[in-house]
Amino acid sequence: MPAIAVLGAQWGDEGKGKISHLVSENADYSVRFNGGTNAGHTVFVGNSANGKNGHEKSKNGNEFKFHLIPSGALHPGCAGVLGNGMVLEPFSLAKEIKELEDALGKDAKIFISERAHLILPYHPILEGIEGSKSELDTTAKGIGPAYQDKVARRGLRAVDLLNPTQFLAKLQRNLDQLKGLYPHSKPLADLDAQKIAREILTASERFRDKITNTTALLHKALKADQQLVFEGAQACLLDIDFGTYPYVTSSHATIGGIGVGAGVPPNRIQRVIGVAKAFTSRVGSGPFPTEDLGEMGQRLRGTGANPWDEFGTTTGRPRRCGWLDLVALKYAADINGFTELALVKLDILSELGELKVATAYELDGEILDYFPSHCDVLARCKPVYETLPSWSESLRDCRSLSKLPKNAKNYVKFIEQVLDVPVTILSVGRAFEETISAR
Ligand code: IMP
């Protein structure tokens, strides 16, 4: 069975949850390998069941919001794996497992890497003290400080939850150090290691039996020809190395993240699906060449009345919006080796008159056809646009390529030609069914 990776191709929020859920229909394992509760994957599920896993309806309008658990785990026959590259906040994890079990009506098949690091109550506080929250406009979930602890080799890992005495000792050591480092922080002073340890160990009772060696599990699954789907969180331009540093997250959101964050090498992955919106959005600070601060940006964002509008799943923040940037997307295709593209939210471009697409940047009178590595340079780049006509029809009811209006087909073809990557999935609405398979 080919292993599949589903990766964000822009600045996140591309709708990876829906695509990952869709392609895990016959999967045995759906695997997260990076990030933590900074991610928010919404899956809106109907009741058509084609694959072996089938679907079950949720009680609350078929909508599921995941932050830690990979979207494929919503299929009753697909296990969810939380890889070593993730950072796990124990209370959120316990809550999400409960919600999933309520939705499935049975025990969730979840496996948590022993090596995954934990987000502890002092990590979000450190974001406030160290300024990343305000300077980088992070999600304030403690992601950066948790990865800092990992690299500094003082982090607590999931496996530490299995030894309560050691867990408390390591927590006490870290907290004492922090209180010494930041003696004026009242939120830190208020933290008590014994109390935190007690609460976390109690919360972790829900998932302690799921903590295991997930790398061994995944390699056994590969040997048994079982199907794995890797679900990236965040996206290429938020990757710690390849993103718009320092306005990035602290993990590897690109294909290499699967190697370091799940222990499965890239040559075991046959399909690499980049997920891109038919336009561009980003949250948080940092340069964004095709951002539209005017009326078109607002039209692309929507008003927030619709859950599909451009407001964050995790934080509710309005997203910055603008035209499709093919310079950035080509870069993401190169870095990740996309074998195909899932183009989502094509329906939003109906009735917009003219559509602009950036195919190059202009920098100080020179044309750049590659994505610069330095943020300050990117901030000075001006997009060079090609203009394509929009279409007046709604796409929401289209279920095949042949039903798409001619101009929508041409828009898709244009993207394929510039990127040299085929578009194999088109999403024309938020529901699972509002999808066109172009394979
Ligand atoms: P952090 O991951 O909370 O440290 O935030 C770092 C940057 O990544 C900020 O600009 C966030 O807005 C952005 N970010 C983190 N997770 C997501 C996501 O899932 N979607 C979009 N942006 C994200």
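Which trypsin sites (Lys or Arg not before Pro) in the stretch 99-171 pass both tests, a DSSP loop state and at most 14 other beta-carbon atoms within 10 Å? Write down the numbers at each step before the final one.
Details: sites: K106, K109, R115, K133, K141, K150, R153, R154, R157, K170; in loops: K106, K109, R115, K141, R153, R154.
Sites meeting the loop and neighbour criteria: K106, R153, R154.
Global size of the chain: 21.6, 66 Å for Rg and Dmax (C-alpha atoms, Rg to one decimal, Dmax whole). For the residues Y370, Y331, Y182, a GNM of the chain with alpha-carbon springs under 10 Å puts the largest fluctuation on Y182.
Calculated over the stretch 276-437, the projected area of the Cα convex hull averaged across directions stands at 9.7 nm².
For the chain, the longest principal axis of the C-alpha atoms and the axis of helix 406-419 are separated by about 60°. Between A221, A276, A140, the GNM of the chain built on Cα springs shorter than 10 angstrom shows A221 fluctuating the most. So what's the angle, to the nearest 10 degrees on a 0 to 90 scale, between helix 193-203 and the longest Cα principal axis of the chain? Roughly 60 degrees, rounded to the nearest 10. On a per residue basis, the chain carries 41 Å² of accessible surface, using protein heavy atoms and a 1.4 Å probe.
Its residue count N sets the reference 2.2 N^0.38 Å, and the alpha-carbon radius of gyration of the stretch 119-205 equals 1.07 times that reference.
Out of the total accessible area of the chain (probe 1.4 Å, heavy atoms of protein only), what percent is carbon and sulfur? Intermediate values should be presented prior to the final figure.
Numbers: 8940 of 17940 Å².
Here it works out to 50 percent.
Please find, in a Gaussian network model of the chain (springs between Cα atoms separated by less than 10 Å), the residue of E291, E14, E130 whose mean-square fluctuation is greatest. Answer for the Gaussian network model of the chain: E130. Helix 90-104 and the longest principal axis of the C-alpha atoms of the chain enclose an angle of approximately 60°. Each peptide among 405-412, 390-397 gets the average number of other Cβ atoms lying within 10 Å of its residues, and from highest to lowest they stand as 405-412, 390-397.
The values are calculated or read from the model by the stated rules, or taken from the named source; none is laboratory data. Values in this document were obtained by computation on a predicted structure and should not be read as measured data. Neighbour counts run over all protein chains shown; Cβ positions are idealised from the backbone, glycine included. What goes into the accessible areas is simple: the full protein's heavy atoms, side chains included, and nothing from ligands, DNA or RNA. Shrake-Rupley method; radii C 1.70, N 1.55, O 1.52, S 1.80 Å.
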